[in-house]
Amino acid sequence: MNIRELAKLAGVSASTVSKIMNNKDSSISPSTRERVLQIAKQYNYQSYSSLIEKGTTTLTLGVVFRSASTMNLTLDGILHAAQEAGYTILLRESGNDSEREAQNLSVLCSHHVDGLIWEFVNKDSEKNIPFLERHEIPTVIFHSEHGNAVNIDYEEAGRQAALTLVNAGHTAIACINAPVPGREAFTNGYQKCLFENHIPLDEAFIFAQIDGQLMQKIASHTISGVVSAHYETAARLYDAVRKLRYELPYDVSIVSLRDESITPDVLRQLSTFTIPHYAYGEYLCERLVGQIERGENTPPAFRRAIQLDSESTVGIPHNSHSKKITVVGSINIDNYLKMDALPRTGMTVSSSLSASYVGGKAINQAIGAARLGQRVSVIGRLGNDVDSDTVYRALNMAGVDSMGVKRCSGHKTGQAYIFVQRDGDSMISILSGANATLLPQDIREAGRVFENAAFCLVQTEIPIETVAETCRIARKHGAQTILKPVACGELPADLLRNVDILIPNRAELDAICPAAGDLESQAAQLLDAGVGTVIVTLGTEGCFLKTAQESAYFPAVPFDVVDASGAADAFISALASYLLEERSLHTAIRIASYAAGFTISREGVTSSLVDKNTLESFIMQREPELLQIN
């Protein structure tokens, strides 16, 4: 088609067409210009002057891409959008070579392309931008870290992939950082998800490829889930896991990204998020055409929601198939002061030793049960301070699930000031801090933490209405509740009805039942109120058990007393642990007495909690019948 034919079709003069095609059309109406350009696009018209003059409209777009392997369906999307807009595409591949990239840009400029879609080879590619600016060529940069680049949001894709596993209960999540476009952003999204959900980042869980170390961690269930930005890598991992006779998702869960061009293998059926490369390519071209024809310089970034295609390789963590213990309550930093005699009114005492430990009854009981081989989750509140980092590290080291532990802005982590006398007697003063912000709504929102729980341990160092809601939610999930009353008076009737085992000391029992008579009468009053079992700890005198069927005393296990402040927490965590292993109540009480004895013989609480092997080795030498399983 020549200029006269185009002018005739448009109903204008040849000079008008010439002005429009050479961008000298300021005196021509927008509607006429649009009509002429539309016909030119339809017939792929190019003026003779466009081959030799700068600034003419050629209806041609240039695409410079790094490597064919990185384009996938993106190029198809570009080509489709260009055709729809009436443009022809000139393609140039840089082959990951900076010199070749510069040559490609020069060639396209010599062809007077109207605009350019450009994938940087590397960060040094920015030095070519002034060259394009001198030629006044509108440019859209993609797959780059450049500030004006239009990128697929791989960071959000990584966050969503990891969040899929977090929502299924995983905390030990690995990331395969395969060498594909967007891998750094994907890994950043994975790390962001862990941070948002208070899961400590373990650099040893980030892998560049499938190797023996990754497979060993999967085999030992150290890792329960894996995310990958590369479908082929995820597929190879799937095959490797199956070759070892492991099952997905029972032994490990896998979530991957995949291109639209990849049809999921029927035999693998991997859980994937599909990356919309085709729509991305269309968007890149539409954005460039908008710049060329309408001067649109700041359109919105590419945003396309991604969704999980299936849950075939997503399941609960392997360890979640067994019952667990959920602990709800106070989290503190325990500040110890050791002295010859406890302070009294009008008296000043000197401390011979000071120390700080992670503590609070929720932490003590959670770590105590974890050391006895149980799977444990904890719910509590921390301040937004340095102490919160210390608590998270301690829970991570102990293997305790901290998904239910959150930071509270504007509050300090709880503090306990523990005064320990030379003979082991102690007194405690508590600054609640963030513990006071744990509300019933928080318990309801953390309902997932109660799933598959056999026991729920709770204490009254958090708001009493939160304690009541905890017992109610735990009962709803089929968990038995064990309540330790601390620094409280009479307990609400609706709370007592949801308590399976109540474990006060003598002073706490007096505070709960001030009107009752002796020890047995007080315990009987609690049973009448709906409590299933009452165990009163009596220090060196052992403990007293009261149920609807019996009353019984159990002697203490003799240990030298160094610090008695953690005895109750050690007793409760051991009691729940061995009841979970289906030991009788009498047997569990005796084993718990040994655990408490170990704790009082050492300084601090979490630092003195006994592990399963040490405890059972000691018991085997004294009362081996306690460890016999019927």
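Computed over the chain, the per-residue total of -39500 (n - 2.57) for DSSP H runs of n ≥ 4 gives a 222 nm mean residue ellipticity of -11000 deg cm²/dmol, rounded to 500. Each DSSP beta bridge with both residues in the chain is either parallel or antiparallel, and the antiparallel ones are about 25%. Computed from label points 7 Å out along Cα-Cβ, the spacing between VAL107 and SER584 is 8.8 nm.
Beta bridges per DSSP, both residues in segment 387-523: antiparallel share near 45 percent.
Residue separation of ALA511 and SER310 scaled by 0.36 nm, minus their Cα-Cα distance, works out to 66.9 nm of gained length. Excluding ligands, DNA and RNA, the accessible surface per residue across the chain is 44 Å² with a 1.4 Å probe. Among the listed pairs LYS361/LYS484; LYS217/LYS612; LYS217/LYS243; LYS324/LYS361, those with a Cα-Cα distance over 20 Å are LYS217/LYS612. A simple spin-label model places pseudo-atoms 7 Å from Cα toward Cβ; at ARG444 and LEU431 they are separated by 3.3 nm. Whole Å is fine, so just give me how far the alpha carbon centre of segment 579-600 lies from that of segment 400-448. Measuring centre to centre over Cα atoms gives 25 Å. Straight-line reach from LYS338: taking Cα to Cα under 18 Å and skipping same-chain neighbours fewer than 8 places apart, the aspartates and glutamates in range are ASP423, ASP425, ASP560, ASP563, GLU603.
In this calculation the C-beta distance from SER98 to ASN22 is compared with R0 = 30 Å, giving a FRET efficiency of 0.30.
For the chain, the relative contact order comes to 9 percent (Cα pairs under 8 Å, sequence separation of at least 6). The antiparallel fraction among DSSP beta bridges confined to segment 342-458 stands at about 50%.
Excluding same-chain neighbours fewer than eight residues apart, the aspartates and glutamates reachable from LYS412 by a Cα-Cα span under 17 Å are ASP334, ASP385, ASP387, ASP389, GLU461. The structure-derived value of semi-axes √(5λ) of the Cα gyration tensor in Å appears in the list [x] 59, 46, 22; [y] 42, 36, 23; [z] 71, 24, 21 under the label [z]. If R0 is taken as 51 Å, the Cβ-Cβ distance between GLU232 and GLU34 corresponds to a FRET efficiency of 0.65. Between ARG294 and ASP560, residue separation times 0.36 nm minus the direct Cα-Cα distance comes to 87.2 nm. Taking the protein heavy atoms of the chain in the context of the full set of protein chains, the accessible area attributed to carbon and sulfur is 48 percent at 1.4 Å. Loop-located GluC sites (Glu not before Pro) in segment 284-338 (DSSP state other than H, G, I, E, B) with a sparse environment of at most 15 neighbouring Cβ atoms within 10 Å: GLU296, GLU311. Which loop GluC sites (Glu not before Pro) in segment 444-552, with loop taken from DSSP, have no more than 16 other Cβ atoms within 10 angstrom of their Cβ? Sparse-neighbourhood loop GluC sites (Glu not before Pro): GLU451, GLU490, GLU550.
Against the main long axis of the alpha-carbon atoms of the chain, helix 464-476 sits at an angle near 80°. Among the GluC sites (Glu not before Pro) in segment 107-148, those located in a DSSP loop and surrounded by at most 16 other Cβ atoms within 10 Å of their own Cβ are GLU136, GLU145.
Once the Cα atoms are used to define both axes, helix 519-528 deviates from the longest principal axis of the chain by about 40 degrees.
Test of understanding: given the chain, find the longest segment containing no trypsin sites (Lys or Arg not before Pro) that are in a DSSP loop and have at most 15 other Cβ atoms within 10 Å. My reading of the result: 55-244 is the longest stretch.
3J(HN,Hα) couplings calculated from phi for segment 600-615 with the Karplus curve 6.51 cos²θ - 1.76 cosθ + 1.60 (θ = phi - 60°) are, in sequence order, 6, 8, 9, 6, x, 10, 4, 6, 10, 5, 7, 8, 4, 5, 5, 4 Hz; Gly and Pro show x. The modelled label-to-label distance between ARG245 and ASP211, using points 7 Å beyond Cα along the C-beta direction, is 2.8 nm. Candidate cross-link partners of LYS323 among the aspartates and glutamates, defined by an alpha-carbon separation under 14 Å and a same-chain spacing of 8 or more, comprise ASP401, GLU451, GLU581, GLU582.
The values are calculated or read from the model by the stated rules, or taken from the named source; none is laboratory data. Since we're looking at a predicted model, the values are computed, not measured. No Cβ is skipped: glycine too gets one built from the backbone with ideal geometry, and neighbour counts run over all protein chains shown. These accessible areas exclude ligands, DNA and RNA; they are computed on the full protein's heavy atoms, side chains included. Shrake-Rupley method; radii C 1.70, N 1.55, O 1.52, S 1.80 Å.
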